[in-house]
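First up is the structure itself, then whatever we jot down about it.
The values are calculated or read from the model by the stated rules, or taken from the named source; none is laboratory data. As the structure is a computational prediction, the values presented were derived from the model and not from experiment. As a convention, Cβ positions derive from the backbone with ideal geometry for all residues, glycine included, and neighbour counts pool all protein chains shown. Accessible surface areas use protein heavy atoms only, side chains included; no ligands, DNA or RNA. Shrake-Rupley method; radii C 1.70, N 1.55, O 1.52, S 1.80 Å.
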Number of protein chains: 4
Amino acid sequence: MYGLCERYRERIQGAALVANPGCYATAAILGLAPALAMGLITLDIIIDAKSGVSGAGRGLTLGTHYTEANEDVSAYSLSGHRHLPEIVQELEAAARAGGHPIEHPLRATFVPHLMPMTRGILATCYADLNQQGAHSSLTTEEIRALYVQYYAGEPFVHIVEQPPHTKWTYGSNQCLVYPIVDTRTRRLLVISCLDNLVKGAAGQAVQNANRLYGLAETTGLPAVALYP
Amino acid sequence: MYGLCERYRERIQGAALVANPGCYATAAILGLAPALAMGLITLDIIIDAKSGVSGAGRGLTLGTHYTEANEDVSAYSLSGHRHLPEIVQELEAAARAGGHPIEHPLRATFVPHLMPMTRGILATCYADLNQQGAHSSLTTEEIRALYVQYYAGEPFVHIVEQPPHTKWTYGSNQCLVYPIVDTRTRRLLVISCLDNLVKGAAGQAVQNANRLYGLAETTGLPAVALYP
Amino acid sequence: MYGLCERYRERIQGAALVANPGCYATAAILGLAPALAMGLITLDIIIDAKSGVSGAGRGLTLGTHYTEANEDVSAYSLSGHRHLPEIVQELEAAARAGGHPIEHPLRATFVPHLMPMTRGILATCYADLNQQGAHSSLTTEEIRALYVQYYAGEPFVHIVEQPPHTKWTYGSNQCLVYPIVDTRTRRLLVISCLDNLVKGAAGQAVQNANRLYGLAETTGLPAVALYP
Amino acid sequence: MYGLCERYRERIQGAALVANPGCYATAAILGLAPALAMGLITLDIIIDAKSGVSGAGRGLTLGTHYTEANEDVSAYSLSGHRHLPEIVQELEAAARAGGHPIEHPLRATFVPHLMPMTRGILATCYADLNQQGAHSSLTTEEIRALYVQYYAGEPFVHIVEQPPHTKWTYGSNQCLVYPIVDTRTRRLLVISCLDNLVKGAAGQAVQNANRLYGLAETTGLPAVALYP
């Protein structure tokens, strides 16, 4: 079972196996799934993601040596990152679950970048607003209201009213999501961020374990970031 | 006169006034102008740019306080950054100069992000490859060869063979450009980077002044980065 | 009342006013008070302290601008830092409380340094071992054992067996203390570190408030650091 | 031959072998040699040094992994760093060269610390002012004047008038030296800093090679730091 409580809460409870989502995938899916489920955007998607160095694990590589990673930004895994398949799978599933047929496979480009910081992922997602149908002229405020409604009651997803900072999630299990319409181009931008070691890894695993064992989903999970 | 020597070298020499390009604009234009001039891509463009804090200037703001900017990534100026108009102007000019009619205004989304580092800009640019015409099935290698040819002889633009790091330009007047085809989606990705205080500001100003006063364009300009 | 629970626990409980110690002072006093109380060292002391930028507060100054503080180390307040008087007062009090007469005022030099990080203080303290009396030939292991005994039962002071890292205290109310004899010179070195915003500020204030209101002293205080 | 041009310029020129000084040693010796050569201080010395991570070399260790070194300060090599012997040798030699007998071996404590930055060393040196003789009541201004005179004509050592920042030497071959009297304790403090990869390594090697081959000592050496 794909262990994203925000989408499969009920089925995780009875699952035999739960796969904890990747850190990048969590940020991208929580940011874009509502727009696809509600039919707001087309299936052409770009995800430009930025991660702190802890996302690369604790193994010793030249790229994670302090003197190489400090004061540096670069893109990597341009021919395909291992999180891309789960992003595609879940975004297509979200569209289908919302009653929107997948006329062609999701056309997703995902480019991860390494940032000079320890923790944090920020995903900046770009998609064309659907120009057919009722939603074609939605404003930022209206889309934000739809997102708020979509995530109503979620303990660990919050729709924010200004571009979120990874630092706002430092050490917490929160994912912050910020949708905005680029009025010049009628693109929807969704920026989401989280702590890759908490909501993007161990925290989400605890969330899944809580659900699996019938505990309150928030048990033992920090809701407040350490700031600054 | 728009002071981008790589595009207007001859006209800068006789100009009465030269406007030094913005740091983001330099990275974006040097990365995308060849693709537009050669008709490789459509006019739908996304530029996701990442800048060190010195790009915000030396003024004192809470956002540039060390404790706020350290260990943090965020997007800003989502309703339009002041560099966007010059990016659009120059990319449309590049397309026209290449003989490609501008059937509709360039549809460009530009999102700048603040990175926890002092110097450096990395622009990750996304565009659909033109599916009509001779160029429709070009590979990464073929496009890279076209870029190499386009910038042949340029002292301060280099086409690199792996994703460039901002650190590779630290203190130098170089702009590194890396084009790659996302084969899954037939999008062209172009990653370009530079030191925002040199090629993105003072270095480029010296380059323009050199040209303006008839000196060798490279006079006094550092070509090698300080590493690490 | 000077609000250092580790020294004045009982008197804080009934105090009318409690002054929360400075961040530097807490690190220095917790590191050196045992040595003075036990008569291990003379009254000639050097404290070389290193602090993250949050120690300077949230006010906007050029020195705390990201581009100035990043990739930089410097000393400051060389003609006297406001924490020096409380350090002197408390170290002399510790010596007296241990039954050691203050034959001359404590000769303390305190040099604070600004480090390119958000949180954390590390104090490296240097003092000559007392060459008279029973303690004159103590080894590192023996002094460590004395420190362990001195702080036995303290919830927020731990004697560590290798040089401590500020990161080990990130977000926690712990102070880590590491005494070691420099055998070449018969000097005692004591390295102590803490999170300047927790044990060095708000955490210690809560510890004092707990004591003041008769709550368990550890109520609401994080004992575990966020790592990495 | 010990390759510190500031002390052995003439003898380096004819040497068969020149040993390039260590980075810590260069900072400590350039800071303290004048005081010993002029008989200003006793032979009891403490050197508290702070280095960027590049000082540890390019080898992969957990301690130099970005996520460990970032937001962290710690001391290391407390039982003796390999640079200590050359510091002792050269400081004793400076005292002797100044005509001051070495009545007992130099009593030097040297504690290096790792800082979360790529480049830079700052050495904070502490010593008791000699209370006998003509120099016993010198002020900061008088000692600074003596230092200025001592290093007159040196291309790569500058006496500064406020506490120096490692960032002021970034990428340059300069060593900045700042002496100050702690009037409370009559201790002399000398703070010196340099770029450990330039004046502390490759730059100094070039300086020695220039001297060895009879070139101008400053040939090819950057005198200006990259700032910020």
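Points worth noting:
- Under a model in which nothing but the beta-carbon of Lys, Arg (+1) and Asp, Glu (-1) is charged, region C:1-86 shows a dipole of about 360 debye around its Cα centre.
- Sequence-distant residues sharing a close amide H with C:CYS175 (under 5 Å, placed H): C:VAL157, C:HIS158
- Simple point charges give the picture: +1 on the Cβ of Lys and Arg, -1 on the Cβ of Asp and Glu, and for region D:37-189 a dipole about the Cα centre of about 160 debye.
- Percent antiparallel among DSSP beta bridges (both partners in chain B, rounded to 5): 70
- Peptide B:142-150 - average C-beta neighbours from other chains (10 Å radius): 0
- Phi-derived couplings, Karplus 6.51 cos²θ - 1.76 cosθ + 1.60 at θ = phi - 60°, listed residue by residue for region B:152-163: 3, x, 5, x, 10, 10, 10, 8, 9, 9, 9, x Hz, with x used for Gly and Pro.
- Electrostatic tally near B:ASP128: other residues with Cβ closer than 15 Å to its Cβ, Lys and Arg +1, Asp and Glu -1, net +1.
- Average partner coverage of A:44-53, which counts Cβ from other chains inside 10 Å: 5
- Nearest residue to the symmetry axis between C and D, taken on chain C by its Cβ, in whole Å: C:ASP48, 2
- Checking the cross-link pairs C:LYS167/C:LYS199; B:LYS167/C:LYS50; B:LYS199/D:LYS199; C:LYS50/C:LYS167; A:LYS50/B:LYS50 against a 19 Å limit on the alpha carbon distance flags B:LYS167/C:LYS50; B:LYS199/D:LYS199 as lying beyond it.
- Only Lys, Arg (+1) and Asp, Glu (-1) charged, at Cβ; the protein assembly as shown dipole about Cα centre in debye: 0
- Copies compared at D:TYR213 - label distances in nm, ascending, label defined 7 Å from Cα in the Cβ direction: 3.2, 6.9, 7.3
- Working note: 222 nm ellipticity from helices only, DSSP H runs with n ≥ 4, each -39,500 (n - 2.57), summed and divided by the residues of chain C, gives -8000 deg cm²/dmol to the nearest 500.
- Shape call, region D:1-73: gyration tensor on alpha carbons, a/c limit 1.5: oblate
- Whole-Hz ³J(HN,Hα) from phi, Karplus 6.51 cos²θ - 1.76 cosθ + 1.60, for region C:53-70, glycine and proline x: 5, 5, x, 8, x, 9, x, 8, 9, 4, x, 9, 5, 3, 5, 8, 7, 5
- Candidate residues B:TYR227, B:TYR151: accessible-area rank, largest first, probe 1.4 Å: B:TYR227, B:TYR151
- Other-chain or far-sequence residues with amide H under 5 Å of A:PHE110's (modelled H): A:ILE47
- Vicinal HN-Hα couplings computed from phi for region A:98-115 (Karplus, 6.51 cos²θ - 1.76 cosθ + 1.60; Hz; Gly/Pro x): x, x, 10, x, 8, 5, 9, x, 3, 9, 10, 10, 10, 10, x, 10, 9, 10
- Close amide H partners of D:MET117, meaning residues 5 or more places away or on another chain with modelled amide H under 5 Å apart, are D:VAL53.
- Cα gyration tensor shape of region B:1-138, rounded if a/c is under 1.5, else prolate or oblate by comparing a/b with b/c: oblate
- Calculated FRET value between D:SER136 and C:LEU215, using beta carbons and R₀ = 56 Å, to 0.05: 0.50
- C-alpha center-to-center spacing [region C:1-62, region C:75-149] in angstrom: 10
- Prolate/oblate/rounded call for the protein assembly as shown, Cα gyration tensor, a/c under 1.5 rounded: oblate
- Working ranking of peptides B:111-122, A:133-144 by packing, defined as the average number of other Cβ atoms within 10 Å per residue, highest first, is B:111-122, A:133-144.
- Ordered from largest to smallest accessible area (heavy atoms of protein chains, 1.4 Å probe), the residues B:ASP182, A:ASP128 come out as A:ASP128, B:ASP182.
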